[in-house]
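The values are calculated or read from the model by the stated rules, or taken from the named source; none is laboratory data. If you're wondering where the values come from, they're calculated on a predicted model, not measured in any experiment. Neighbour counts run over all protein chains shown; Cβ positions are idealised from the backbone, glycine included.
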Amino acid sequence: MMIGLTGSIASGKSTVANYLRELGAEVIDADQVARQVVSPGTPALKEIVNSFGPGILQDDGTLNRKKMASIVFQDAKARDKLESIIHPRIEEEINLQMKNFTKTRPTDILVLVVPLLIEVGWHKKVDQVWLVAVDPAEQLRRLMARDKISLAEAQSRIASQMPQAEKMKNAHVIIHNNGSPEEVKQQVKEKWLLIHRKH
């Protein structure tokens, strides 16, 4: 069985994914795959440098993700360009891992952590969509603290994404991540046990 785990920026997807991992799920994280496909020497990184210039690299030759984010969150064309370079490669790698999992562990549960799961249509690839939801004020606070950015920058990044209310329309399970880690963990555990019994 496959679960697609998604949520808006700074909603706490990684936290929920870690809990699911602890409970026995196999987790494929699209952000980690995204890092792999743009590591030094990869065709994707070369293409990014050709499109955005060598200034997008750090001294060690790796992609400066913070600089890249500041560009694409302010410029929709730049974001489209970057996505056209990395999304096909991420999808190819994830498809490969999913295929492997289905072949070797057909009775287990796989969790795909994909921030843009619904936007890119990947919610159609999974059996269930789990959405990590967060109150807007809490989301802003977390994003500013995590990325050390201003209120205006945080608002701009949130505004560039699909509204949480839209994502909710495609969710089978909603995890509310406004309270303590224990409360979130309890929700995840309850949903996991429920799905395990059915599965």
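Table for the structure above
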read-out: Failed item, numbered, when VAL132 is tested on (1) hydrophobic (A, V, I, L, M, F, W, C); (2) surrounded by 12 or more Cβ atoms within 10 Å (Cβ to Cβ); (3) modelled with pLDDT under 95; value: (3)
read-out: Flag for ALA69 being farther than 19 Å from VAL129 by Cβ, more than 19 Å from the chain's Cα centre (by Cα) and surrounded by 13 or more Cβ atoms within 10 Å (Cβ to Cβ); value: no
read-out: Selection from the range 161-199 of residues that are surrounded by fewer than 17 Cβ atoms within 10 Å (Cβ to Cβ), in contact with a helix residue (DSSP H, G or I) (Cβ under 9 Å, 6 or more places away or on another chain), modelled with pLDDT of 95 or more and not basic (Lys, Arg); value: ASN170, HIS176
read-out: Strands (runs of 3 or more DSSP E) within the range 72-176 that include 2 or more residues without any contact (Cβ under 8 Å) to a residue 60 or more places away in the chain and not assigned by TED's automatic domain parsing to the domain that holds SER14; value: none
